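Have a look at the structure below, then the notes.
The values are calculated or read from the model by the stated rules, or taken from the named source; none is laboratory data. Predicted model only: the values in this text are computed from it and were never measured. Glycine gets a Cβ as well: all are built from the backbone with ideal geometry, and neighbour counts include every protein chain shown. Keep in mind that these areas ignore ligands, DNA and RNA; they rest on the heavy atoms of the full protein, side chains included. Shrake-Rupley method; radii C 1.70, N 1.55, O 1.52, S 1.80 Å.
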Amino acid sequence: MKNEEFPCQEELKGTNKKLCAASSEDSSSRRETAIPHSSLKEKTARGLFWGGISNGVQQLLNLLFGIFLARLLTPDDYGMVAVLSIFSLVASSLQESGFTAALVNKKDAGHRDYNAVFWFNVGLGTCLYWLLFWASPFIARFYGNPELTPLARYSFLGFWVSSCGIAHNAYLFRHLMTRQKAIASMLSLFVSGCTGVTLAYCGFAYWGIATQTLVYISVQTACYWYFSPWRPTFRFDFSPLRQMFGFSFKLLLTNIFNHLNNNLLSIVLGKLYSEREVGYYSQGNKWSGMGQLCILGMINGVAQPVLAGVSDDAERQRRVFRKLLRFVAFVSFPALLGLALVAQELTVIAVTDKWLPSVPFLQMMCVSGAFVPIVGLYQQFIISQGRSDVFMWNIILSGLVLLACVLLAHPWGIKAIVWAYVVVCVGWLPVWHRLAWRGKGLSWWLALRDMAPYAVVSVGVMLITHILTVSVDNIYLRLSVKIAIAVLLYIGIMWVAGVSTLREAWSYFRKKQVV
């Protein structure tokens, strides 16, 4: 492997913008403050650092609270909530309508833009909640479970609450205020986790999971308001939305289909199988998702603003993208494949052997999960180019292929369905590359050369670790030894190979520790 640089070493040129005075037409209008001038390397490293800290702590808290909940609740409880998740996600996409990305990409987003997005989100969120409130009995009838009606009406309150914080979240995202977003996420997760565990302990079953989600959204929205200096005003001028609508509408459709794709198995399995079987899949997918989100959240917090910031220089953008790609592969492959390696031990120790049937699902989803952050990087690149139409049609097409393959695999059982999903997700990566870099000077083989070494080393490390530990009988000792051997082997190989991604990441972390 060649020596590589930590993502984004070039400087981001530009000057600070100051808050503008309000015009005579609208004395309450305020212009936003642009991101302070600093090197692009420092911005990206700071964003990755806080994103990593935030997502690492979040997944640790998720793990701890998940352990308590899984011990207190049953697979049926998780299955009840899992079948409703897609409706909340689609409704959330409708209320957000792609305006977060549109505000980030807009050259001169000001108070009028944020204000228009805020009132649009709140109004649409209110309408959508009442629509789903009256549709809840039909949802319950579709799944053949009348208990879903009150649960759905309660759970759907969450996306209405989140509509009040979308504009503030966009402000924090546009200004790369990753530290503030990290604090908001960690605080909301801690408060909601404590709430969920307390309710589960008191016997509220799946109502505890639904309340946990609602509390998380409420605390996070309150934090966005606290950290963002922007405030809405009672002037209902929606004209700025027209300028963003072409871009945001495509992202809206994209996000809806993206949620459908990501939750396709929950929809199909919820219809074809029992709540218990869906619960096993949901638990395995949840644990895999923790690993994915830890990396994906770190990358998504900086990729789009950084790539958009160098969009005027094609060669520079290509170098930045490749460095980010190597960094994502460096982290993603060992993390997710390592999780698959310790899946059985981790499940039994953490949530007892009653969840053993979820282990195969966890391992399968880890295979596709290793590629999810890489796909996410390609998606952020396409969005940063303003090519929301390409993003939209590819998501729709991949969703149709996924649905067809999943239905074709149905006669062979639930595991065949999940494997079909995994194969399509991994196999679609070259399509993402083709659409993102067609005619832009980055070949698929060059990108593959950036990713493949980390994948090959990770697979080799996990195989060697499995062989060395297969004879260890004590489950606690086996888990500890697996983690120790895998971490030391992977870091050792990277260090001997002279991969500067590791060296520069370590140097940056040490600098933060000293500061």
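Data table
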| quantity | calculated |
| --- | --- |
| Candidate set: segment 339-379, residues that are aromatic (Phe, Trp, Tyr) and either open to solvent by 40 Å² or more (accessible area, probe 1.4 Å) or over 20 Å from the mean Cα position of the chain (by Cα) (or both); chosen: the one modelled with the lowest pLDDT | Trp355 |
| Any hit, segment 380-396, residues being within 18 Å of the chain's Cα centre (by Cα), closer than 28 Å to Gly338 by Cα, open to solvent by 10 Å² or more (accessible area, probe 1.4 Å) and modelled with pLDDT under 90 | yes |
| Pair list, Cβ under 9 Å, 6 or more apart: segment 139-164 residue over 30 Å from Trp225 (Cβ atoms) and outside any helix (DSSP H, G or I), other residue open to solvent by less than 20 Å² (accessible area, probe 1.4 Å) and aliphatic (A, V, I, L, M) | Asn145/Met80; Asn145/Val83; Pro146/Ala140; Glu147/Met80; Glu147/Ala140 |
| Condition broken by Thr469, with the remaining ones in (1) modelled with pLDDT of 90 or more; (2) farther than 28 Å from Met451 by Cα satisfied | (2) |
| Whichever residue in segment 429-465 is buried (at least 20 other Cβ atoms within 10 Å of the Cβ) and closer than 20 Å to Leu397 by Cβ and, among such residues, is nearest to the chain's Cα centre (by Cα) | Trp432 |
| Only one of Thr198, Thr233, Thr213 that is more than 25 Å from the chain's Cα centre (by Cα) and open to solvent by 40 Å² or more (accessible area, probe 1.4 Å) | Thr198 |
| Criterion violated by Phe156 - all others in (1) crowded, with 21+ Cβ neighbours inside 10 Å; (2) out of contact with any Leu (no Cβ under 9 Å at 6 or more places or on another chain) satisfied | (2) |
